[in-house]
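Contents: one structure, followed by commentary.
The values are calculated or read from the model by the stated rules, or taken from the named source; none is laboratory data. Worth saying up front: this structure is predicted, and the values here are computed from it rather than measured. Reconstructed Cβ throughout: ideal geometry from the backbone, glycine too, with neighbour counts over all protein chains shown.
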């Protein structure tokens, strides 16, 4: 589902070039949940944004379901992301003046679907948000905001989820809800790449890779072994 080959992303810093991601290669198979673990500032978010078609690499290639989003026009890439990739972030990034229902439906603006509203209601029921459907984010608990963000991420039936510290602001109960959802998502044929500093969050993944100073380390844990 996702293949990254010799990926590099550099930035100009006050003391010279910052090698945020350097020569990273990894694969996420269909039905697999992969965690990339590492400390703050090690390049995790840059890796995720580059993997998801949001940030063009300086070197290397990215393939999502066999297609390279960086060989597309900007408009083609935006449509491709809407069809193929769901993003889940630590800060949720819900639109503050939209209701739960409206936030979940937001991806349908890029990819209109006559069944979008029915699917949104189904997701609202799935994530126990029915009594919050007309509430704006400021009126929700942290867990409710994250569940709204999860529902939004899969509205378009995406096959790949990219998650950036998705449990970082959550208590254990709500974190478990998110991680259990990721495991269910892969069991149904989806794929998840999650970056996190949390060992407990990583423990739910099928494989754990370790990122340090922009490079994947030699230590890897796999539940398949």
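A few comments on the model shown:
- For region 52-69, a residue qualifies if it is touching a strand residue (DSSP E or B) at 6+ places or on another chain (Cβ under 8 Å), on the phi > 0 side of the Ramachandran plot, in a loop (DSSP other than H, G, I, E, B) and without any contact (Cβ under 8 Å) to a residue 60 or more places away in the chain, and exactly one does: 53.
- For region 40-51, the criterion of being crowded, with 18+ Cβ neighbours inside 10 Å, in contact with a helix residue (DSSP H, G or I) (Cβ under 8 Å, 6 or more places away or on another chain) and not in a strand (DSSP E or B) is met by none of the residues.
- When region 186-208 is filtered for residues that are within 13 Å of residue 37 (Cβ to Cβ), at pLDDT 90 or above, in contact with a helix residue (DSSP H, G or I) (Cβ under 9 Å, 6 or more places away or on another chain) and not in a loop (DSSP other than H, G, I, E, B), the ones remaining, listed by number, are 193, 194, 195, 196, 208.
- Within region 209-225, being part of a loop (DSSP other than H, G, I, E, B) and either surrounded by fewer than 20 Cβ atoms within 10 Å (Cβ to Cβ) or modelled with pLDDT of 95 or more (or both) holds for 213, 223, 224, 225.
- Scanning region 123-144 for residues that are part of a helix (DSSP H, G or I) and touching a helix residue (DSSP H, G or I) at 6+ places or on another chain (Cβ under 9 Å) yields 123, 124, 126, 130, 132, 137, 139, 142, 143, 144.
- Of the residues in region 65-77, not one is under 28 Å from residue 204 (Cα atoms) and buried (at least 19 other Cβ atoms within 10 Å of the Cβ).
- Scanning region 130-150 for residues that are within 23 Å of residue 193 (Cβ to Cβ), in contact with a strand residue (DSSP E or B) (Cβ under 7 Å, 6 or more places away or on another chain) and crowded, with 19+ Cβ neighbours inside 10 Å turns up at least one hit.
- Residue satisfying all of: in region 11-28; over 30 Å from residue 159 (Cβ atoms) and touching a strand residue (DSSP E or B) at 6+ places or on another chain (Cβ under 8 Å); surrounded by the most Cβ atoms within 10 Å (Cβ to Cβ) among these: 19
- Every listed requirement among (1) touching a strand residue (DSSP E or B) at 6+ places or on another chain (Cβ under 9 Å); (2) more than 17 Å from residue 202 (Cβ to Cβ) is met by residue 37 save one, (2).
- Among residues of region 70-97, those that are touching a residue at least 60 places away in the same chain (Cβ under 8 Å), within 22 Å of residue 45 (Cβ to Cβ) and in a helix (DSSP H, G or I), counted: 2
- For region 98-112, the count of residues that are modelled with pLDDT under 90, out of contact with any strand residue (DSSP E or B) (no Cβ under 6 Å at 6 or more places or on another chain), over 21 Å from residue 146 (Cβ atoms) and part of a strand (DSSP E or B) is zero.
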